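Structure first, commentary second.
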Amino acid sequence: MTGCSGVAPHCGSDRSRLQRTSNSSFSLTGVCTPNACPPTPAPPCETCGRLDLSRPEAPMLDATSLPTSLDIFRIGNFATMIVGTERFMEVALRLELKGIRFLELPTR
């Protein structure tokens with residue numbers, strides 16, 4: 001995606017590239033602050049090891065854990081949460097990408 005770092009290169013246009021990119025293509029970095037996570041998570045599933053966690057209602061990111069060289073990445077303690085910088089948002093809006101919801105997340 002031209003103008004953004006952290007997006008794996010693929011053939012095709014920027015628009016189709018991002019819409020086909022899986023969560024695993026983004027670097028796993030950054031963490032939510034401990035107070036944004038459930039206090040005592042349930043034990044993992046005995047069969048598959050999956051943790052029964054849901055996205056925090058009010059996620060807050062640990063500012064010291066955030067990468068400065070990436071515009072899009074996954075959160076280490078919530079790997080399904082994808083975070084993008086303001087620059088990523090501007091590029092995605094310019095490309096008129098569908099299915100992306102932008103929320104400003106606080107940091108501490």
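Ranked from highest to lowest mean number of other Cβ atoms within 10 Å per residue, what is the order of the peptides 85-95, 71-81, 42-52? The partial results should precede the final answer.
On the way: 85-95: 16.1, 71-81: 18.7, 42-52: 8.5.
Those peptides, ordered most packed to least, come out 71-81, 85-95, 42-52.
Taking 7 Å along the Cα-to-C-beta vector as the label spot, tell me the Ser27-Glu96 distance in nanometres, rounded to one decimal.
3.2
With labels modelled as points extended 7 Å from the Cα through the Cβ direction, what inter-label distance (nm, one decimal) is found for Leu51 paired with Ala79?
1.0
Starting from the Cα-Cα distance between Ser69 and Met89, subtract it from 0.36 nm times their residue separation and give me the gain in nm to one decimal. Show your work: numbers first, answer last.
Working: separation 20, 0.36 × 20 = 7.20 nm, distance 1.55 nm.
My answer for the length gained is 5.7 nm.
Every number here is computed from the coordinates shown, using simple stated rules; none is lab data. Predicted, not measured: the structure shown is a model, and the values here were computed from it. Reconstructed Cβ throughout: ideal geometry from the backbone, glycine too, with neighbour counts over all protein chains shown.
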